[in-house]
Structure formats: C-alpha cells, structure tokens
Number of protein chains: 2
Amino acid sequence: MLWHDAGERRGIGGMNGSGQMIMLVVTFSVEEQHRAAFETGLGDFARWSLANEPGTLFYQLGQDETDPSTYRLIELYADQASLDRHSTSDAYRQVGKAVGPLLAAAPTIVRHAPVNDSLSEKV
Amino acid sequence: MLWHDAGERRGIGGMNGSGQMIMLVVTFSVEEQHRAAFETGLGDFARWSLANEPGTLFYQLGQDETDPSTYRLIELYADQASLDRHSTSDAYRQVGKAVGPLLAAAPTIVRHAPVNDSLSEKV
C-alpha cells in the first residue's frame, strides 16, 4: 500500500539521530573554457567530503544536459552540525579559492527539508 | 591531493556498468491545502522505488525552506534502461494519477550528466 500517512516523517533525523537532515541544491554557472577545471576541482572535493566527513551523506555534482554552462550540486547532511563542519573545513576554503574564479556568477544555494530518506530506504 | 584530473569520470557508469548514470532534478509547485497529501503520495512512492527498483539509486524529495510551495525531487538512475523501467511501471502511473491533481502547475524536469558518483564514494 503506497498511500498511508507519512506526515510525521518531515524533518527526519539524520544518521545519528541528533537533528534534522538538510538538503541543498546549489547551482553554478561556468563558461566553457573553465568547465574541465571546475569539474576536476569540485568533483575531487566531492570525493574528499564523502570519504572524510561522516555527516556528508550525499554530494552529487551534475551538468545540465540542455544548458552545459549550468551545473547543480545536490548535498545531503545528517544535521546542521554536519553542514557547519563541512563549510568551515580547510578543504572547503581550499576548494572555494580554486573554484570561485572559474564561476561566471555567484552560485545560488537553496535549502530544503527532506521528506523521505533515500539512503536508509535503498535496498 | 584534491586537484588531479577527473575529466574522464564524466558520464560515469552506473551500478551495473551498462551505461551512463542520469540525475534528474524535478520541481513541483503545491498549494498549502494539498501539501500533506503530496508528501504522503510522493514520499511513499520514493520509498517504494528505492526498495523495489535496483536501478533507482537515489530518490530524495525535499521542501524548499524559503518557499514551502516548492518541492524538489532528486533522482539518480544507474542508466537509461533503469529510468525507462521506472517511468513505465504501474506504480509510476498510479502515483501520477494520485499526485497530478495536487499540483499547481506541471512539474519541470531537468536532466543532468553526473560528474562524480556519491554512492560509491561514500565511506
């Protein structure tokens, strides 16, 4: 049965149950001549964050297939403390310095309250 | 070392190596009186897809915290065949019929080529 009530799942707890999960959708604009360096820099930072930060649950960069100057990064954190640790790390400052000059505009960041929990629900 | 070349990782293979992964970002607009039913319907479908479709790698719904009428659904598929199976299933048709009437506008779907692979890279 698909349609039972799930309203109480809003703001679901993260991996350690200490708070509410947070999902960010960040949009970047990158001119063609900078895309290879951008993908290397942010792709490597994604792998670093996933491998080293337990509270960074998902960190997925993708390139818009119809507008290749646009990239979207999906970030999922266990809780606010995990996001704070991520965004104050030395590695974060390092990638900001490396990738910032490659951007055609300031990135937009949209914050979301997760409704379900893909990582615990996956087979 | 964060900054080695990762260009060859574009269009990375999915879980079964049979094709390129696909990331969708789908945006929904839902008036307040329909949000509880929308979250139940699409949240339950997310759980169903994650539990029953091996090629649906990630299926995460979130509500925009600054514009609560806006929801974004992040979908990650192993390859095009997995997306095709997902979007032609009976369950997909069922959720479309249930959730469609709750939407204030047609959803927008943006397709992306993944640059990294969050699920294999996570510790």
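Below is a table of values for the structure above.
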item: Given (1) open to solvent by less than 50 Å² (accessible area, probe 1.4 Å); (2) under 22 Å from B:ILE22 (Cβ atoms), index of the condition B:ASP64 fails; result: (2)
item: Boolean, B:THR108 is among the hydroxyl-bearing types (Ser, Thr, Tyr), in contact with a strand residue (DSSP E or B) (Cβ under 7 Å, 6 or more places away or on another chain) and within 21 Å of B:ILE22 (Cα to Cα); result: yes
item: Candidates B:ALA46, B:ALA6, B:ALA51, B:ALA36 - the one that is within 7 Å of chain A (Cβ to nearest Cβ) and at pLDDT below 95; result: B:ALA6
item: Count - residues of the range B:57-74 that are within 13 Å of the chain's Cα centre (by Cα), in contact (Cβ under 8 Å) with a residue 40 or more places away in the chain and within 19 Å of B:LEU103 (Cα to Cα); result: 4
item: A:ASN16, sole failed condition from (1) modelled with pLDDT under 95; (2) within 11 Å of the chain's Cα centre (by Cα); result: (2)
item: Candidate set from the range B:76-123 (those that are exposed (fewer than 13 other Cβ atoms within 10 Å of the Cβ) and basic (Lys, Arg)); member that is farthest from A:ALA36 (Cα to Cα); result: B:LYS97
item: Test for A:SER29: is it in contact with a strand residue (DSSP E or B) (Cβ under 7 Å, 6 or more places away or on another chain) and either open to solvent by 10 Å² or more (accessible area, probe 1.4 Å) or at the interface with chain B (Cβ under 7 Å from one of its Cβ atoms) (or both); result: yes
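The values are calculated or read from the model by the stated rules, or taken from the named source; none is laboratory data. Bear in mind the structure is a predicted one, so any value in this text is a computation, not a measurement. Using ideal geometry, Cβ is built from the backbone for each residue, glycine included, and neighbour counts are taken over all protein chains shown. Areas reflect the complete protein model, heavy atoms only, side chains present, ligands, DNA and RNA absent. Shrake-Rupley method; radii C 1.70, N 1.55, O 1.52, S 1.80 Å.
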